[in-house]
Every structure is written in C-alpha cells, then in structure tokens.
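**Student:** I'd like to ask you about the structure that follows.
The values are calculated or read from the model by the stated rules, or taken from the named source; none is laboratory data. Because the structure is predicted, anything quoted here is derived from the model rather than measured. Cβ placement follows ideal geometry from the backbone for every residue including glycine, while neighbour counts extend to all protein chains displayed. For accessibility, only protein heavy atoms count, side chains too; no ligands or nucleic acids. Shrake-Rupley method; radii C 1.70, N 1.55, O 1.52, S 1.80 Å.
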Amino acid sequence: MTHWPVIDPQSGFAGPQEIPSESLGSGAAGSSISVERLTGGKRDGVDRVRVNNGRLSFDVLPTRGLGVHRAMLRRDVGDDLPIGWQAPVRGPVHPNFVPVAEPSGIGWLDGFDELFVRCGLNSNGAPDFDEHGRLTHGLHGKIANTPAHEAQAFFDEREKRIGVTGSVDESRLFFSKLRLSTEISAAIGEPGFRVRDTVTNLSAEPGSMQLLYHVNFGAPLCVPGARVAAPVKKLAPRGDVAAADLPTWDQCGPETPGSAESVFFMQLHSEPETDLTSVALIAPGGDLGVRLTFSTAQLPWFIVWKNRQAAEDGYVTGLEPAVNLPNPHSFERAKGRVAELAPQESRSFEVHLEVLDGTARVTAALAEIDAIQDGQVPDIRNEPNPDWSAP
Amino acid sequence: MTHWPVIDPQSGFAGPQEIPSESLGSGAAGSSISVERLTGGKRDGVDRVRVNNGRLSFDVLPTRGLGVHRAMLRRDVGDDLPIGWQAPVRGPVHPNFVPVAEPSGIGWLDGFDELFVRCGLNSNGAPDFDEHGRLTHGLHGKIANTPAHEAQAFFDEREKRIGVTGSVDESRLFFSKLRLSTEISAAIGEPGFRVRDTVTNLSAEPGSMQLLYHVNFGAPLCVPGARVAAPVKKLAPRGDVAAADLPTWDQCGPETPGSAESVFFMQLHSEPETDLTSVALIAPGGDLGVRLTFSTAQLPWFIVWKNRQAAEDGYVTGLEPAVNLPNPHSFERAKGRVAELAPQESRSFEVHLEVLDGTARVTAALAEIDAIQDGQVPDIRNEPNPDWSAP
Amino acid sequence: MTHWPVIDPQSGFAGPQEIPSESLGSGAAGSSISVERLTGGKRDGVDRVRVNNGRLSFDVLPTRGLGVHRAMLRRDVGDDLPIGWQAPVRGPVHPNFVPVAEPSGIGWLDGFDELFVRCGLNSNGAPDFDEHGRLTHGLHGKIANTPAHEAQAFFDEREKRIGVTGSVDESRLFFSKLRLSTEISAAIGEPGFRVRDTVTNLSAEPGSMQLLYHVNFGAPLCVPGARVAAPVKKLAPRGDVAAADLPTWDQCGPETPGSAESVFFMQLHSEPETDLTSVALIAPGGDLGVRLTFSTAQLPWFIVWKNRQAAEDGYVTGLEPAVNLPNPHSFERAKGRVAELAPQESRSFEVHLEVLDGTARVTAALAEIDAIQDGQVPDIRNEPNPDWSAP
C-alpha cells in the first residue's frame, strides 16, 4: 500500500500534485490521482482529489468533509457520463461561504451541490430551534462543511484499489467530540466506488450521533421517466406533498415548476445472512442506472427525496441510506433514533455506489433487488406515520 | 475587443497580472489594468482589478460582487484625488469576515467601505425578522458579499473603452436564483466610469428582486459644506432624525459626534425623452463634485443618506438610485416595490459616475440638473410618508 | 531596534520568512523568528510567528487577533516542555471557521485552543440576548477572531528583547471603534514572555470596553494535583458548581467525566507601591509551575476557571486577569464594570507570563505570593455574590 499525503495534520496541505499510473504502481494501468486547490468564486480554497480508476473518475473534497463532488464514467460508446447533479449553486462551495449558523437554519443549502454528501455527525435533518425560536441544530449538521485535518491518497497493490483516506473532527468544548474516518476507494476498472466510514466518540463521556448519506442524481441519469427500485418493507410519505405523490413515489415525474419536494421514508428488506440491501435509480430506456448497496443493520432507514422543479432549479432525486430519519434533532431523540455512543465507541458504515452501464447491468441489478423483495408485499401507508414524521 | 480572464468559471483565478497600455491595444495610451490578490487582515484573499483609463483609476472587486472599492482621479494641478470614503473598517473586506447572517441583521456593516456598493439582489434595506424575531433578510442583502464566479478585463478598441465584465450568482435551492451580469467601464481619458448591470431570474419559476446602488463619498469631496443637487419631484424624510434635518436635507452639515444617520427618500424629474436624470454632490468651493446619471424608468427611487458623525466615525454622504426604498423586505413587498421577474426575465440598469473636476464642469452639471428641474416646485413633505417609510 | 514586517497595512502579508540569530543582531544568540502561513483543515490561512528567545519559543497568531497559541520551554534536562493545552479542536483555527455569530452565542468555542486568548474588546463573558432571545453579544467577544491589519517582528538590541508588535481593529460603523495595539516580547533567554496591550477608542464619541485575559494550561503543567496560588482578598464561587467545589477551589482535581466547569471570581491583594500582583499554577511535585504578574489597578478582577473533564475533553485550568467579570454584557454594564473610554482615550494593560522551571523558582514564586498575601485572611464567600454573578 502506497500513500501520498494530501493534508498532513502537522505540515498541512501537500500542494497540487499529479500522480500518473506509472507512479501508482503495478496493476494501476489507466489510473491516476490528481490533487488541486481550486480558486475563484465560492470554490476559492477548496482542495479536490480526483481519483481515476481507469473507468470512473470521482472527486473527493477534503475541504468539504471528504464528500464526493462528482463522478465521471468513461463509456466504450459515446461521451463520458457525468454522475451527480446541477444545483443552483456553482460548487464545490468552500465552507466559508456556507452560513450553516444562519438563524433560519437552512444556510446549509448554499453549499449543497454534491453527488455524495454526509449529513451529521451530531445531527442532521430539518433545523431545530429552542423555545425562543433560536437555532439549535442547522439543517443536516456540520460535517459536510468541516474540512478534513488529515487526508491521503493511496493505491493498494494487493487489493488493486485506489482512493482517499482521511479524517474530519466535529468537536466543540463541552459538546460533541466526534471523528469521522473514511476510506473512499474503487477497484481498478470498477464503474463505482465504495465509502467506508467510522464515526468515533473521542470523548470520555457518552455521546451520540446521527448520519444520513445524501446521494444525489440529476441528468442524464435522473430525468423525467427515471424510476427508483428498492426492496420496500414499510413506506410512508413524509408529509402532504408526498402523500399526494404516493402512487408515483418511485417515479421521477415531469419537471414541475412550483412543486415542493416529495419525500418518502422507508425501511427495506435485506439479505438475511449479510443484512445487505440494494436500491437503484434507473434512467428512462432502462440501459443506464445507479445502484447503492448498504447494510440495513448499519443504516436502518432509507429516504427517497425528489425535487421535481425544473432542471435550472435543481431537478434531482436523492437516495438516502441513514441511521435516522431527517426530522429535527429533538423529534428523533424523542423517537429513539439518535444513536448513542459510549466513551471511545465507534460505529462503522459502508455504502457502495455502482453505475449500471448498459441493459445487462440494469437488468441484473433489478433482479437482485427483486430477489431481496422476494415477493413480500410492502406495507405502504397513505398518510405520514406520526412516529416517523415530525408534525 | 480584447479580453483578459480574471476569474474563469472552470479554471478559477487567473493570477496576478499587469497589463500595460502597450498590451491593451491602440488608443489605450496611458491606460493599464492590474490584477492583484490582496493579503493580510480582513482583506486576505480579496481579488482586485485596478482599471486605469489614463485619467481615472478605479478598483473593481470580483470577490465582493464586482463592486467598486475606490477611485483615484489624476489632476493636472495638485495631488491625485481619491474618490470614496474612509469607513471605520479597513477594507476591502473579504466576505468571509462579514457576518451577514448575524442574528442582529446588521453584520453587513462590517464589510461596508466601498465607493460603489450594490444592495440586493433578493432584498435590500433594513433587516427583516419573522414572528419569532428571527432574521429573514439581513441589511442590504447578499450580493456585495458574494464572489463573482466569472470576471474578465477588457479593452474595446472600437469604442475606446476599458473595464471589467463579470457575473455573480445569488442562488439557493428552493429560493431565489438570480444572476448579476455587469460591465464596469470607462472611455479612455474620461473622469468617470459607467456601470451596466443586468439581473436575470435563472429560474423556471417567477422570482423577484430589489436593487439599490449605495454610492458613497467622503473627504475631500464630501466634507462639511458640501451639498447635494437633484431635480426633486417629491421628497420625504425617512424618520424623525431626517424630519428635523429637513431644512438642510441637501447640505452636508458639520461633523456632529453622536448624531444619527439622516436619510431622505425621493422621486426625481428626468428628461422626458430619455428618462435620464442627474444628481450631484458638490464640494465646498464649487470647483469639485461628482455626478451620477441614471434612468428614473430603471431606478425610480433616489435616497440621500448622510452620516454626520466625525471623520473618524465615517462622515459620509451616500447617493442611492434604487428600484425600491431601503425598508424591510416585507414592507416593500406590501407596498408593491419589490420587482417581479418572470421565469428567465432580465432587467437592466445603468449608472454613470462622473467626477466634476473644476468650476466649469461643476457649473455645467448644476445647469443640467436645473434644466431637468425646469422650475417645477418640489413636493417636500415635512413628515415621513407612511407609504414610503416603514413604521 | 530592527523590525521585520509580517503584515503591512498596505502591501499585506510579507510571506513566510526565517530570521536566524545571525540576522537578528548582536546579543540574540540562540534566538530566531519564523513566520509561516499554515494550510490544511481549520487552520488553513492562519499566519503564525514563532518567536524563540533561546529558552522559550512562543507562537503569535496575527490571524487570531495576535493571541499566543502555544509556547515550548527548552529544558536543560529532559524533553522540551509544552505550555498550553489540548482543546477538543485542532487549532490554531482560522476565524472563518469560528461561527461567533451563531444564534446560540457560543460559536466562539470552536476556535478556543490557545494558551493566551484575549476576550473583548467591546464585550466578553457569557453570551447576551435581547428581549426576543436574539444574540446581542457572543461569548467572549470578537477580538480573538479578528485578524491583525498590521504586525511586525522585532529585535531590540538595547533591551535585548525579541517579539512581535501589531494592531487589531474591532470597529463597526455606528458601533464601537476600538483598536488593540500590542507588543508581545521576551528578553533573550527568559523563560517567559510579556504582553503589553493598549486599547484605544478611535471614535470621536464616548466608547466602552471589556477585556479578560484567558490564559490556559493543560498537561503536563496542569494535571490532577496541580494547584493555584494567589493572594486572595475576596473570593466567591460563580455558581452552584463552584460553590460545591469551594473547599478545593485552588486544587486541580481528578479528571471527572461529566463534570461542569468550576469558576471562581476574586479580587487580589497587590504590592501597595506598584499595584502588581502574582498568581501561580504549580504542577504536582512542586518542581514546575507558571506565574502571571499583572497590575490590579489595570486588571482588578481575577478568575480561576477549571474544566475537570477528562484530558480528551479538554482538562484545563484558566488563570484570567480581567477588567470585568465574565457575565453577560448587560449585567456587567448594570454593575458598572464596563470600562468607559472618552473619545480617543486609551487604556494600557500588561501581563507577564513566566514558566517556573525547577523547585527553586517555584518556591521563590510562592514566597512572593505569600508576601503579597502578608497574612491577610481572605474573605471567601460560600455562595455566589449577587453583585458578581449574573442570575
């Protein structure tokens, strides 16, 4: 295993670098790693690590909590395929331009334009306020706007994997002391990547955490006519908008200016031995899609988030495996969905993202999801579940 | 037309550069463009484009929404003349040091030290709060603290104009998606500059905008004894302080420690064919002044803002052509002064700033303002107008 | 006296530099100055001036209001001794990552990891809110998160002193206009440093100020068993937690996960002729300590702050000479402890920090503190003093 420092905890940013396949090591043909510090506009000062495994190139952002900004799939036929979405903001946005402490609690939206965004670690979900109407927990927490104090690029010759490891601390004296350690990597030539996260309570006192993976897809993968496939055990609309959209919860409908977001909360079936489950988003035509694989033991909740506004307003569908539901922190705490952590306790999470390029891969993925469903009839509520949705 | 990238949307900041007149092209003798990234203090990271047309040098700040920080007039006799004001803060201030989301709503003041500041785009005016007392709209909006994602310097050989073009987006998912595109330029040798702005609703949904040009003058142009000239149609004091100052609304009075700001709201006459109007600020002695020219069809309101505190506290007079009055957003909306924008609709605005160097120029400008007034008696209210001033 | 610019008000950051003893001048043998701009994580963009006087090396941070991040004592026997503490955050933290305007009022904690932190200038102490519950004064004010607009390193050949001078402005139009000017220096070979501050009201109007020096010590100096020595005149616990800890107010007790901070407010005796007083923190074993010397005329209050949480949660003791007590601003104002400043008035403050390396130095320091106490019985209250502690 060879490492290249990107951010060293002592000496800091190692500077821009290009690591061609020759330098990576044997078995890395066609692969490369490139590190840049972006400048200009709201991205000024964002460090970006572009990992290219010969098939998929994906951009990891140490400055934004080691999220993944975009990916690009090399296709044998046709143009490269961008994986991600076009938010109204031009990202990646430096955290300093994201007012997460804005009294409204929704300043987080100003930095939201990534493919793969973690929401947490202390809290996520809708903003929460105290009895004075004063913000206590901003939308989706702080981790996506906290820079990593440590990051390395690596190539593992034995496993033939390429990627980035790093750590981000979300700590405040007298409050949470949580560390995210991550490895974001891909096998050489694989049309996907894998995220392995560990969240550790660094404190000598009990702590707690929330985590939601906000994985977001726009054109060309998610356009009107795309659909979601998931082995649903139970499902409920988050609120009235989603209740009205219930018959088409798994459809990415037409661009609808003026529409509000439609959100569905669910629990999924999984493979009994492994607890693994899969969800997919399939483009119209059925020859392109994306699949997420994760453990329902680690991530017991799954959320489908659809913004059906026009493309220029950010038409997008989010697939969101989660520890908890994205309600205000106090509601989740009352419902027992905030994860408790003993002193020094860690929890690990793994999400695999795979691009399904071609009808054969799409068909196979859908068959696997069907196999997990295994004919079990989903329990679908017409109304929001008062245990799941904050009033 | 030759362009030099300053901020490229993809590759970012093009770096410091010096473009002497030889490189600009024919007809640019004595002119130059210089691009710097400032460091140290609160200005750390601010990009500055200094445009010198041989007579006037003015500093455009891509980092601060393409506002104009200062100008400097070369005079045939005597020292160069600075145009701008000395705020209590040492600017230009990087937006990251301006807490526009501070619960008080007035954090914007920390970045306020420029000659030419746009207030907008979604809102401007006094801060607005919801029923919980929680900030909804900060003082004067976000555009002056939003960095341009794109900027270029240019020289137009045909028109013999030199300047900067660029764009700034003020966008948030689920909220406004507004773009400011600007050209700030001067003819070679002209003792002034022209700002041409277009604000576009990038959304597929209806939007709205507010815009106010906060153009600010301190010593040596605005000192006690300076006066404002404008072809007033209707005028009212904003509140009690201004009502008491009404007899001297157009006078820049003595430095008065402890005084509060004195603000006057007005509508102006304009040339019938062109809708153009002019306002001026004339230094004591009558041999120096500044004139703004703009269209009352584009900018139907005009505000005179006088801070009469001592020089060290920021003695300054602002001349402010505007789409709306600088009241809280909800008041302006109720009064119908928030400009509606259809999907993809644009509105354009133009303001010309001209330094009046010498008695002849001052006299000519005052004569033109008199000609627009054309003997029509201004309608001056003694009290705040309840349709114009929020309670 | 030779100066090396670090931050110039016009040209900005002078860049990284190494000034070896040869360049400093005669009498500076073994000394050096090093200037760096840190990168990576939350420290990205922080400028650090490391001053080494041959015995003690200390890090001054122009970016963080010219506070002192850490010091390191060279010892004749054994390893170098770090002076400072390990906060849960990995600092030094750039002010842009410190949400001082967070509605909670305690965002300041995110940047708190320094040895020597000024709390002020307009306010310090617990956050204050208006009648809407809206933040008016954040915890401990703004000065520690305001960058210096001017800083120089210097060596004074006559005095044989090495250090940094600089200025930080805390100014807002219509509000305070305060300037901190500081000299942080050490005699060559001295195991300590001296801070000389002047706070000036730059305004033509009356102003006010608060100032508290938050000087913080963790391991190896402050560990369980360490103790505080001070010539106490009057002492009261801040609240119930400290009241319960009163019998051991001067003891650094065992690491106690789950404990709340224990804070004691006091007035000290001083030398009658000079008004100087001393306080010390002595490590277990009695062969290591630190002493602060200051004037009770300048700094009439002294606070002992003990965080007894585990090391990983920031076990630390703060010794805090102050102009006022760290209550909400409105309480201190009501009690007359906000210092008034006439227009252009300045106040000066001096704090000397000395490491007591070895039993002889510890014993001598304790004897001096005893001499100031001079047998006078301290007036120790069991309960919070309602004039000292906000309800």
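**Student:** Starting with the highest mean, order A:320-328, C:12-20 by the number of other Cβ atoms within 10 Å, averaged over the residues of each peptide.
**Tutor:** My ranking of the peptides, most packed first, is A:320-328, C:12-20.
**Student:** Let me ask something else about it. Exactly which GluC sites (Glu not before Pro) in the stretch B:159-246 are in a DSSP loop and have at most 15 other Cβ atoms within 10 Å?
**Tutor:** Passing sites in the stretch B:159-246 are B:Glu159.
**Student:** Of all alpha-carbon pairs in the stretch C:318-391, indicate the percentage at a distance above 22 angstrom.
**Tutor:** Value for the stretch C:318-391 (Cα pairs over 22 Å): 51 percent.
**Student:** Roughly how much accessible area, to the nearest 100 Å², goes out of reach of solvent when B and C pair up, both sides summed, probe 1.4 Å?
**Tutor:** Approximately 2700 Å², summed over both chains.
**Student:** Also, quick follow-up: In angstroms, what radius of gyration and Dmax does the stretch A:187-344 have, counting Cα atoms only?
**Tutor:** Looking at the stretch A:187-344, its Cα Rg and Dmax stand at 16.9, 54 Å.
**Student:** Something else about it: Over the residues of the stretch A:97-204, compute the C-alpha Rg and express it relative to 2.2 N^0.38 Å.
**Tutor:** My calculation over the Cα atoms of the stretch A:97-204 gives 1.26.
**Student:** Turning to a different aspect of this structure: By average Cβ neighbour count within 10 Å, what is the ranking of A:96-108, B:115-127 from highest down?
**Tutor:** B:115-127, A:96-108
**Student:** Can you compute the helix-only [θ] at 222 nm over chain A? Use -39500 (n - 2.57) per DSSP H run of at least 4 residues, normalise by all residues, nearest 500 deg cm²/dmol.
**Tutor:** About -2000 deg cm²/dmol.
**Student:** Right, here's the next one. Just the C-alpha atoms of the stretch A:229-275: what Rg/Rh do they give, with Rh taken as the Kirkwood radius? Mind showing how you got there, number by number?
**Tutor:** Numbers: Rg = 13.1 Å, Rh = 12.1 Å.
Across the stretch A:229-275, the Cα-based Rg/Rh ratio is 1.09.
**Student:** How far is A:Glu131 from the same spot in each other copy, in nm, shortest first, if each label point sits 7 Å from Cα toward Cβ?
**Tutor:** In ascending order, 2.0, 2.0 nm.
**Student:** Can you list, largest first and rounded to whole Å, the semi-axes you get for the stretch C:30-169 by taking the square root of 5 times each eigenvalue of its Cα gyration tensor?
**Tutor:** Gyration-tensor ellipsoid for the stretch C:30-169: 31, 16, 13 Å.
**Student:** Evaluate the stretch B:112-166: find the radius of gyration of its Cα atoms, find its Kirkwood radius, and give the ratio Rg to Rh.
**Tutor:** Radius of gyration relative to Kirkwood radius: 1.21.
**Student:** Once you've got the Cα coordinates, tell me which of B:Lys142/B:Lys177; B:Lys142/C:Lys42; B:Lys42/C:Lys42 are over 20 Å apart. Before the final figure, lay out the partial values.
**Tutor:** Numbers: B:Lys142/B:Lys177 13 Å; B:Lys142/C:Lys42 24 Å; B:Lys42/C:Lys42 17 Å.
Going by Cα-Cα distance, B:Lys142/C:Lys42 fall outside the 20 Å limit.
**Student:** Separate question: Across all directions of projection, what mean area in square nanometres is found for the Cα convex hull of the stretch C:177-250?
**Tutor:** About 8.6 nm², averaged over all directions.
**Student:** Taking each residue in B:309-320, count the Cβ atoms of any other chain within 10 Å of its Cβ, then average. What number comes out?
**Tutor:** Per residue, the number of nearby Cβ atoms from other chains is 3 on average.
**Student:** Counting partner chain Cβ atoms within 10 Å of every residue's Cβ in C:33-46, what's the average?
**Tutor:** On the way: counts 0, 0, 0, 2, 3, 4, 10, 18, 16, 7, 4, 11, 6, 1.
Other-chain Cβ atoms within 10 Å of each residue's Cβ, averaged: 6.
**Student:** Got a number for carbon plus sulfur as a percent of chain C's accessible area, 1.4 Å probe?
**Tutor:** Here it works out to 50 percent.
**Student:** Per residue, what accessible area does the stretch C:124-274 have, given a 1.4 Å probe and all protein chains present, in Å²?
**Tutor:** That works out to 33 Å² for each residue.
**Student:** Evaluate peptide B:92-102: per residue, the Cβ atoms of other protein chains within 10 Å of its Cβ; return the mean as an integer.
**Tutor:** 5
**Student:** What gaps in nm, shortest first, separate B:Ser330 from its twins in the other copies when you place the label 7 Å past Cα toward the beta carbon?
**Tutor:** The answer, with the shortest distance listed first, is 2.1, 2.2 nm.
**Student:** Go through B:Pro328, B:Ala280, B:Ala311 and say which Cα lies farthest out towards the positive end of the charge dipole of the stretch B:214-328; charges sit on Cβ, +1 for Lys and Arg, -1 for Asp and Glu.
**Tutor:** B:Pro328
**Student:** Between the stretch C:70-131 and the stretch C:1-54, how far is it from one alpha carbon centroid to the other, in angstrom?
**Tutor:** Their Cα centres are 21 Å away from one another.
**Student:** Treating the point 7 Å from Cα along Cα-beta-carbon as the label, what are the nm separations from A:Glu22 to the other copies, to one decimal?
**Tutor:** Spacings between copies for this position, smallest first, are 4.0, 4.0 nm.
**Student:** Also, I was wondering about something else. What list of whole percents do you get for P(r) of the stretch B:248-327, with Cα-Cα distances grouped in 10 Å bins up to the one holding the largest distance?
**Tutor:** Cα pair-distance distribution for the stretch B:248-327, in percent: 17, 43, 31, 8, 1.
**Student:** Let me ask something additional. For chain A, go through all pairs of different Cα atoms, get the mean of 1/r, take its inverse, and jot down that Kirkwood value in Å.
**Tutor:** By the Kirkwood definition, the hydrodynamic radius is 21.2 Å.
**Student:** Turning to a different aspect of this structure: Would you calculate the convex hull of the Cα atoms in the stretch B:290-329 and tell me its volume per residue in Å³?
**Tutor:** Once divided by residue count, the hull of the stretch B:290-329 is 75 Å³.
**Student:** From the Cα trace of the stretch C:1-60, what convex hull volume per residue do you get, rounded to a whole Å³?
**Tutor:** Spread over its residues, the Cα hull of the stretch C:1-60 gives 96 Å³ apiece.
**Student:** Determine which aspartates and glutamates satisfy two conditions relative to C:Lys160: a Cα distance under 18 Å, and not lying fewer than 8 residues away in the same chain.
**Tutor:** Output for C:Lys160: C:Glu22, C:Glu183, C:Glu190, C:Glu354.
**Student:** Got a sec to turn the phi values of the stretch B:169-181 into Karplus ³J(HN,Hα) couplings, 6.51 cos²θ - 1.76 cosθ + 1.60 with θ = phi - 60°, whole Hz, x for Gly and Pro?
**Tutor:** For the stretch B:169-181, the Karplus curve yields 9, 10, 9, 8, 3, 6, 10, 4, 10, 10, 10, 9, 10 Hz.
**Student:** Sticking with this structure for a sec: Summarise the long-distance tail of P(r) for the protein assembly as shown by giving the % of C-alpha pairs beyond 51 Å.
**Tutor:** Of the Cα pairs, 29 percent sit more than 51 Å apart.
**Student:** Which trypsin sites (Lys or Arg not before Pro) from the stretch C:158-199 combine a DSSP loop assignment with at most 13 other Cβ atoms within 10 Å?
**Tutor:** Values: sites: C:Arg158, C:Lys160, C:Arg161, C:Arg172, C:Lys177, C:Arg179, C:Arg194, C:Arg196; in loops: C:Arg158, C:Lys160, C:Arg172.
Answer by residue number: C:Arg158.
**Student:** Now, a different point. Taking the Cα atoms of the stretch B:142-278, what is the range of coordinates along each of the three principal axes, in descending order and whole Å?
**Tutor:** Result for the stretch B:142-278: principal-axis Cα extents of 46, 44, 37 Å.
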